[in-house]
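Peer 1: What follows is a structure written as structure tokens; I'll ask about it next.
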Amino acid sequence: MIIGALLILTWLVLLLRYPAKALPISLAALFGLGLVALWVVWQDNREASQLARLQLRLSYAPNDCPADRPLRVQMNNGNDVPLLELRWRVAAYAPGDTVNLAENTYSAPRYRGPGELQPGANWQECLPMPPLRSGYRPQSLEFRAEHLQGTFSR
């Protein structure tokens, strides 16, 4: 923190003392910083739109899945590039409610996608349930994937 303050103070002193030399360098640095910021925003928007094209459905399916993994995940990659990695958290909601009933504790399961999923390909798997708040049964809840983080091929 103190180093940053010293750098800014030094830059201001140089800008006031030698404006003819410091101003063009400052403008070039500002232009470069702006380019980097634009590139980061573009990458973030591209990733968000790619994650939005993933179709990810979660359902409680104890009849179709093993007893220790009753949460069925079905995914379709609607992008034109392969999905390389995907991580998410599972949220559970009572119908019509906005309170997440899944407890996201340190010991809660970590959810990951299939690895590489080609464009247009489907994937389904049975995964363990997240711990739920006491008093709620999974068959009466809606499950959603939240906080998606993914990597796509270029």
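Peer 1: If you go through the stretch 52-87, how many residues are of a type in the set (Lys, Arg) and over 15 Å from the mean Cα position of the chain (by Cα)?
Peer 2: Summing the residues that are of a type in the set (Lys, Arg) and over 15 Å from the mean Cα position of the chain (by Cα) in the stretch 52-87 gives 3.
Peer 1: Next question, about the same structure. For the stretch 46-54, does any single residue satisfy the condition of being farther than 30 Å from Leu117 by Cβ, at pLDDT 90 or above and among the aliphatic types (A, V, I, L, M)?
Peer 2: Checking the stretch 46-54: not a single residue is farther than 30 Å from Leu117 by Cβ, at pLDDT 90 or above and among the aliphatic types (A, V, I, L, M).
Peer 1: Provide a single number: the residues in the stretch 80-99 that are surrounded by fewer than 19 Cβ atoms within 10 Å (Cβ to Cβ), closer than 14 Å to Tyr136 by Cβ and in contact (Cβ under 8 Å) with a residue 24 or more places away in the chain.
Peer 2: 3
Peer 1: In addition: Go through the stretch 52-88 and give me each residue that's in contact with a Ser or Thr (Cβ under 6 Å, 6 or more places away or on another chain) and in a strand (DSSP E or B).
Peer 2: If the condition is that a residue be in contact with a Ser or Thr (Cβ under 6 Å, 6 or more places away or on another chain) and in a strand (DSSP E or B), then Arg72, Leu84, Glu85 are the ones that fit.
Peer 1: While we're on this one: Considering (1) in contact (Cβ under 8 Å) with a residue 40 or more places away in the chain; (2) under 19 Å from Glu142 (Cα atoms); (3) among the polar types (S, T, N, Q), say which one Asn77 fails and leave the rest.
Peer 2: Of (1) in contact (Cβ under 8 Å) with a residue 40 or more places away in the chain; (2) under 19 Å from Glu142 (Cα atoms); (3) among the polar types (S, T, N, Q), only one is false for Asn77: (2).
Peer 1: To continue, here is another question. Of all residues in the stretch 108-138, which are loosely packed, with under 14 Cβ neighbours inside 10 Å and free of Cβ contacts under 8 Å to residues at least 24 places away in the same chain?
Peer 2: If the condition is that a residue be loosely packed, with under 14 Cβ neighbours inside 10 Å and free of Cβ contacts under 8 Å to residues at least 24 places away in the same chain, then Arg110, Ser134, Gly135, Arg137 are the ones that fit.
Peer 1: With the requirement that a residue be in contact with a Phe, Trp or Tyr (Cβ under 7 Å, 6 or more places away or on another chain) and farther than 13 Å from Leu54 by Cα, what does the stretch 115-143 give you?
Peer 2: Leu127, Pro138, Gln139, Leu141, Glu142, Phe143 - these are the residues of the stretch 115-143 that are in contact with a Phe, Trp or Tyr (Cβ under 7 Å, 6 or more places away or on another chain) and farther than 13 Å from Leu54 by Cα.
Peer 1: For Gln124, indicate whether it is under 17 Å from Glu146 (Cβ atoms) and in a strand (DSSP E or B).
Peer 2: no
Peer 1: Further question on the same structure: Hey, can you tell me all the residues within the stretch 129-154 that are of a type in the set (A, V, I, L, M) and in a strand (DSSP E or B)?
Peer 2: Leu132, Ala145, Leu148
Peer 1: While we're looking at this one, here's another question. Could you identify the single residue in Leu51, Leu23, Leu56, Leu15 that is surrounded by 11 or more Cβ atoms within 10 Å (Cβ to Cβ) and under 26 Å from Gln139 (Cβ atoms)?
Peer 2: Of the residues listed, the single one that is surrounded by 11 or more Cβ atoms within 10 Å (Cβ to Cβ) and under 26 Å from Gln139 (Cβ atoms) is Leu56.
Peer 1: Here is a check on your reading of the model: is Val36 exposed (fewer than 14 other Cβ atoms within 10 Å of the Cβ) and either assigned to a helix (DSSP H, G or I) or not aliphatic (A, V, I, L, M) (or both)?
Peer 2: It is true that Val36 is exposed (fewer than 14 other Cβ atoms within 10 Å of the Cβ) and either assigned to a helix (DSSP H, G or I) or not aliphatic (A, V, I, L, M) (or both).
The values are calculated or read from the model by the stated rules, or taken from the named source; none is laboratory data. As the structure is a computational prediction, the values presented were derived from the model and not from experiment. No Cβ is skipped: glycine too gets one built from the backbone with ideal geometry, and neighbour counts run over all protein chains shown.
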